[in-house]
Amino acid sequence: MTLLETRGLTKQFAGLHAVENVDFDLPRGQVRALIGPNGAGKTTFVGMLCGRVEPTAGTVRFDDRDISDLPAHKRINLGIAYTFQITSVFANLTIAENVALAARRSLRGADVDVAVADALERVGLHEPPEQNASDLSYGHQRLLEIAMGVVQQPRLLILDEPTQGLADSEIEAFKTLVRDLSATSTILLIEHNMAVVMETADQITVLNFGQVLAEGTPGEIRADRAVQAAYLGTG
Amino acid sequence: MSDRTKTLILHAGLLVLLFVLQFLLPAYHHGNLARIMVLASYAIGFNILFGYTGLLSLGHALFFAAGMYGMGLAIRHLGLSPSAALLCGLAAGVAISTIAGLLALRTVGVGFMIVTLMFAQAGYLTLLYFGEYTRGDEGFVIQQAERILWGLDLSDPTNRYFAAFALFALCLLLTLWLVRAPFGKVLVAIRENEERARMLGYDVFAHKLGAVVLSGTLSAMAGAVYGLLFGYVGASFASVQYSIFPLLWVLLGGAGTVLGPFIGTLFMFYLIDLSSGVTTAYMLIAGVVLVALTLFAPQGLVGEIRKRFWRGLP
């Protein structure tokens, strides 16, 4: 069963093809990694999925419904959660309020507090929740970002470079979290850390110059000559 | 003691104090305080948009005047009772803030400031253009006989104080409720990081529009009550000056604080009142104090208290 599909998805910036004619299918329950060199169009691509970036051409379908014309907030309300590549938490609000804002879209009252505590626990953020988000280290702001995605209990969770700035021990915990979340959510993961990709992803899509270069299991991708040439640099 | 209890005690304490003061104050200050409470209600309306949502309107006089004229014209030309006229003022506020919001919110940042400023100027000029009905700059007086609300003569200082107090208490409690309500928290989220709020699934435009309408309606209510309590309706209340006043009061008192608008209005009112008793160049004194406050308390009086002593202060 396909949860998300794109057909001919294209984005041009002043003549430059950031994303070109991408057909992409994401089955329900899968952990999919999206990899590719810098500037390959990964963030632009997921931006078009969740409505941040308006495509030049092409369609996006989510759960058998054409969402190409829906504004971002309506797509989010269908069950897509997006965590930002460049940390974008509410710096002047408390940790708890950051997560609560995400939780309150579907919950009210005491349920919010329970969900917030649970999400912070799951991502392993143990700082006092009444502390301001700006007091957190960069890596911990990344964890907060992930908690804001997790608490929404999304059907599709899009994580844009979640492990950037995390310590090794936190990366280990993150891998466990992704496996744990994959029981209830479909996950689309943009990631540069190959160890994380190879260990967590069921399938990998490789983007290069805005086009799909290869798609397959971690083993297949590792063996793919074109990928090695374009991306791993060992061809 | 929890923050919630302390907050409740502080705000309820202020209301009790203001209620009791009407029996203690000499006539002059008694009259001043009534005026300050109505103007502070206007500032509270402004603060919802500026302090909590992060949208700077330079045209709030449009809403204040909408309420004032909605009320005043209904009495003058339709002969309505004060209570019905107040409702007219409120309705005018809702209608005009909805229209202004729908149009102005298509812009952001400086664009929003300019568009709101232009709307307010258009409103002001409209009042002058239809001088036959509005009496333009000269304005018109609402006679004592037309100011009797539910048997209370609002030209009587005691009744007037009580009416101003009731309006102020309503506005204060409304903001206190708002900052705890999910809607108010989303407004703060929009102020802090609009794109993030949108990507959490919140309809940013709808929330901003809600903030404009709520803010405009409170401002209109303050305008309507001001006209009724002090018996005068005039186009000067629609001028640029009356758009800048609430900004000044809120900045002085503390943007995004519940008590800031009142403290700022009180402070500014008495700063001018006291300094004009000392010298005719009172604006000089007022100016120096304002510059000093901007330098040493950039968050405003209540804002500084929150920053230094009480982080949980709403």
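The values are calculated or read from the model by the stated rules, or taken from the named source; none is laboratory data. Just so it is clear, the structure is predicted and the values come from calculations on it, not from any experiment. No Cβ is skipped: glycine too gets one built from the backbone with ideal geometry, and neighbour counts run over all protein chains shown.
Exactly one residue among B:89, B:101 is in contact with a Gly (Cβ under 8 Å, 6 or more places away or on another chain), of a type outside the set (S, T, N, Q) and within 15 Å of residue B:222 (Cβ to Cβ), and that residue is B:89.
Restricting attention to region B:191-206, the residues being part of a helix (DSSP H, G or I) and at the interface with chain A (Cβ under 10 Å from one of its Cβ atoms) number 9. Within region B:132-156, the set of residues being exposed (fewer than 13 other Cβ atoms within 10 Å of the Cβ) and either closer than 18 Å to residue B:35 by Cβ or at pLDDT below 80 (or both) comprises B:144, B:145, B:151. With a requirement of 2 or more residues that are more than 28 Å from residue B:142 (Cα to Cα), the helices (runs of 4 or more DSSP H) lying completely within region B:1-104 that satisfy it span B:3-24, B:82-104.
In the set B:233, B:250, only one residue is modelled with pLDDT of 90 or more, more than 12 Å from the chain's Cα centre (by Cα), surrounded by 24 or more Cβ atoms within 10 Å (Cβ to Cβ) and within 24 Å of residue B:117 (Cβ to Cβ); that residue is B:233. Restricting region B:207-245 to residues that are more than 14 Å from residue B:94 (Cα to Cα) and β-branched (Val, Ile, Thr) leaves a set whose member that is farthest from the other protein chains (Cβ to nearest Cβ) is B:233. Selection of region A:94-145 for residues being closer than 19 Å to residue A:171 by Cα and aliphatic (A, V, I, L, M) yields A:119, A:120, A:123, A:125, A:136, A:143, A:144. Can you name the residue in region A:75-93 that is among the small types (Gly, Ala, Ser) and facing chain B (nearest Cβ under 8 Å) and is also farthest from residue A:146 (Cα to Cα) among such residues? Result: A:91. Would it be correct to say that residue A:88 is closer than 21 Å to residue A:156 by Cα, under 18 Å from the mean Cα position of the chain (by Cα), surrounded by fewer than 18 Cβ atoms within 10 Å (Cβ to Cβ) and at pLDDT below 90? Here the answer is yes, as residue A:88 does meet what is asked. Being touching a helix residue (DSSP H, G or I) at 6+ places or on another chain (Cβ under 8 Å) and farther than 30 Å from residue B:232 by Cβ holds for only one residue in B:114, B:190, and it is B:190. Of A:96, A:72, all but one fail to be within 18 Å of the chain's Cα centre (by Cα), over 16 Å from residue A:215 (Cβ atoms) and within 14 Å of another protein chain (Cβ to nearest Cβ); the exception is A:72.
Is it the case that residue A:63 is more than 10 Å from every other protein chain (Cβ to nearest Cβ), surrounded by fewer than 15 Cβ atoms within 10 Å (Cβ to Cβ) and out of contact with any Lys or Arg (no Cβ under 6 Å at 6 or more places or on another chain)? Steps first, answer last, please.
Numbers: more than 10 Å from every other protein chain (Cβ to nearest Cβ): yes; surrounded by fewer than 15 Cβ atoms within 10 Å (Cβ to Cβ): no; out of contact with any Lys or Arg (no Cβ under 6 Å at 6 or more places or on another chain): yes.
Here the answer is no, as residue A:63 does not meet what is asked.
Scanning region B:291-306 for residues that are under 15 Å from residue B:255 (Cα atoms) and in a helix (DSSP H, G or I) gives B:293, B:294, B:301, B:302, B:303, B:304, B:305, B:306. May I ask you to verify whether residue B:49 is under 13 Å from the mean Cα position of the chain (by Cα), on the phi < 0 side of the Ramachandran plot and touching a residue at least 24 places away in the same chain (Cβ under 8 Å)? Answer is yes for this residue. Of all residues in region A:66-77, none satisfies the criterion of being in contact with a Lys or Arg (Cβ under 8 Å, 6 or more places away or on another chain) and surrounded by fewer than 16 Cβ atoms within 10 Å (Cβ to Cβ).
Residues in region A:32-45: is at least one out of contact with any Ser or Thr (no Cβ under 7 Å at 6 or more places or on another chain), farther than 30 Å from residue A:7 by Cβ and free of Cβ contacts under 8 Å to residues at least 24 places away in the same chain? No, because not a single residue in region A:32-45 is out of contact with any Ser or Thr (no Cβ under 7 Å at 6 or more places or on another chain), farther than 30 Å from residue A:7 by Cβ and free of Cβ contacts under 8 Å to residues at least 24 places away in the same chain.
Whether a residue is within 14 Å of another protein chain (Cβ to nearest Cβ), basic (Lys, Arg) and under 16 Å from the mean Cα position of the chain (by Cα) was assessed, and residue A:179 does not pass this test.
Scanning region B:158-179 turns up at least one residue that is part of a helix (DSSP H, G or I) and within 14 Å of chain A (Cβ to nearest Cβ). Scanning region A:99-129 for residues that are within 12 Å of another protein chain (Cβ to nearest Cβ), modelled with pLDDT of 90 or more and surrounded by fewer than 17 Cβ atoms within 10 Å (Cβ to Cβ) yields no hits at all. Scoring residue B:280 on the criteria (1) outside any helix (DSSP H, G or I); (2) under 14 Å from the mean Cα position of the chain (by Cα) leaves a single failure, condition (2). Criterion first (closer than 23 Å to residue A:25 by Cα, touching a strand residue (DSSP E or B) at 6+ places or on another chain (Cβ under 8 Å) and surrounded by fewer than 19 Cβ atoms within 10 Å (Cβ to Cβ)) does residue A:205 satisfy it? For residue A:205, the condition - closer than 23 Å to residue A:25 by Cα, touching a strand residue (DSSP E or B) at 6+ places or on another chain (Cβ under 8 Å) and surrounded by fewer than 19 Cβ atoms within 10 Å (Cβ to Cβ) - is not met. Cβ-Cβ contacts under 9 Å between residues 6 or more apart (or on different chains), taken from a first residue in region B:133-162 that is under 19 Å from residue B:70 (Cα atoms) to a second residue that is aliphatic (A, V, I, L, M) and surrounded by fewer than 18 Cβ atoms within 10 Å (Cβ to Cβ), are listed as B:134/B:128; B:136/B:128; B:137/B:128; B:154/B:148.
When region B:168-208 is filtered for residues that are under 17 Å from the mean Cα position of the chain (by Cα) and surrounded by 21 or more Cβ atoms within 10 Å (Cβ to Cβ), the ones remaining, listed by number, are B:168, B:171, B:172, B:175.
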